[in-house]
1. Going through THR68, THR60, THR50 one at a time, which residue ends up being modelled with pLDDT of 90 or more and farther than 19 Å from LEU84 by Cα?
2. Inspect all residues belonging to segment 104-116 and state whether any of them is hydroxyl-bearing (Ser, Thr, Tyr), free of Cβ contacts under 8 Å to residues at least 40 places away in the same chain, within 30 Å of ALA54 (Cβ to Cβ) and not in a loop (DSSP other than H, G, I, E, B).
3. If we scan segment 78-95, do we find a residue that is at pLDDT 95 or above, more than 23 Å from THR137 (Cα to Cα) and either assigned to a helix (DSSP H, G or I) or in contact with a helix residue (DSSP H, G or I) (Cβ under 9 Å, 6 or more places away or on another chain) (or both)?
4. Please work out which residue is farthest from THR72 (Cα to Cα), limiting yourself to segment 155-164 and to residues that are over 9 Å from the mean Cα position of the chain (by Cα) and not in a strand (DSSP E or B).
5. Would you pick out the residues in segment 1-47 that are more than 30 Å from ALA80 (Cβ to Cβ), of a type in the set (A, V, I, L, M, F, W, C) and at pLDDT below 55?
6. Of all residues in segment 142-154, which are outside any strand (DSSP E or B) and surrounded by fewer than 18 Cβ atoms within 10 Å (Cβ to Cβ)?
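The values are calculated or read from the model by the stated rules, or taken from the named source; none is laboratory data. Please read these numbers as outputs of a predicted model, since none were measured by experiment. Note that each Cβ is placed from the backbone with ideal geometry, even for glycine, and that neighbours are counted across all protein chains shown.
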Amino acid sequence: MVSTLNRFLFLLCLLGQQGYAMAERLDDSLSPRRQVELDLVWQHQGNPDTLSDAEFNSLTAQARNLDTRLDTSAYVGSEARIFLELPILVRGLGNPSSLALSWTTGGLFNAGRVTPGNRQLIYEGQITQPVMRDTITFTFELDARYLQQPLRLEPVYEIEIITP
């Protein structure tokens with residue numbers, strides 16, 4: 001038991017020395033705020049008798065060209081990773097596993113995909129501007145069985161500084 005604890009403490013010290021940083025939340029309040037009306041579309045058309053329950057209830061929607069601005073002024077000159085995180089609790093959704101969010105961008109940020117309770121890398125490199133700005137188109141994939149009310153989705157942006 002003691003040797004296991006010592007190994008764990010040693011590993012923690014080792015990780016701390018290799019430049020791993022804690023993530024800090026980025027301020028995205030510079031992004032224009034707006035409610036987006038989503039037009040939900042059934043993903044599968046055709047004879048419902050040939051569809052599984054998941055296929056029958058599968059919806060998709062897009063929120064196009066959302067101007068995203070992240071305040072990175074405190075990190076200019078730093079090497080960093082920026083993540084998009086989707087909180088585990090999404091208002092209007094009865095089951096977190098019934099949503100997947102993917103996106104494409106204008107080119108500064110990486111395209112990706114995330115599910116509630118997880119995060120995805122959208123940028124890695126040097127922070128050169130006080131405000132990082134890109135246009136993002138989000139695609140929602142939903143299971144209609146778990147929609148309880150209008151969705152309210154608030155992604156979180158986090159930054160980790162990479163230290164040599």
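1. Values: THR68 fails: farther than 19 Å from LEU84 by Cα; THR50 fails: modelled with pLDDT of 90 or more.
Residue meeting the stated conditions: THR60.
2. Step one: list which residues in segment 104-116 are hydroxyl-bearing (Ser, Thr, Tyr), which gives 104-105, 115.
Adding the requirement that they be free of Cβ contacts under 8 Å to residues at least 40 places away in the same chain leaves 104-105, 115.
After this cut, where a residue has to be within 30 Å of ALA54 (Cβ to Cβ) as well, the list is 104-105, 115.
Filter once more, keeping what is not in a loop (DSSP other than H, G, I, E, B): 104-105.
Checked against the condition, which is being hydroxyl-bearing (Ser, Thr, Tyr), free of Cβ contacts under 8 Å to residues at least 40 places away in the same chain, within 30 Å of ALA54 (Cβ to Cβ) and not in a loop (DSSP other than H, G, I, E, B), segment 104-116 yields at least one hit.
3. No, every residue in segment 78-95 fails to be at pLDDT 95 or above, more than 23 Å from THR137 (Cα to Cα) and either assigned to a helix (DSSP H, G or I) or in contact with a helix residue (DSSP H, G or I) (Cβ under 9 Å, 6 or more places away or on another chain) (or both).
4. In the first step, residues of segment 155-164 are kept if they are over 9 Å from the mean Cα position of the chain (by Cα); the result is 158-164.
So of that shortlist, the ones also not in a strand (DSSP E or B) come out as 162-164.
Working: ILE162: 14, THR163: 17, PRO164: 20 Å.
My answer is PRO164.
5. As a first pass, look at segment 1-47 and keep what is more than 30 Å from ALA80 (Cβ to Cβ): 1-7, 35, 37-47.
So of that shortlist, the ones also of a type in the set (A, V, I, L, M, F, W, C) come out as 1-2, 5, 38, 40-42.
Within segment 1-47, MET1, VAL2, LEU5 meet the criteria.
6. First, the residues of segment 142-154 that are outside any strand (DSSP E or B): 144-146, 153-154.
Listed by number, the residues that qualify are ALA144, ARG145, TYR146, GLU154.
Conditions (1) hydrophobic (A, V, I, L, M, F, W, C); (2) in contact with a strand residue (DSSP E or B) (Cβ under 6 Å, 6 or more places away or on another chain); (3) modelled with pLDDT of 95 or more, marked per residue:
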position	(1), (2), (3)
GLN120	no, yes, yes
GLU124	no, yes, yes
VAL131	yes, yes, yes
THR135	no, yes, yes
PRO150	no, yes, no
PRO155	no, yes, no
GLU160	no, yes, yes
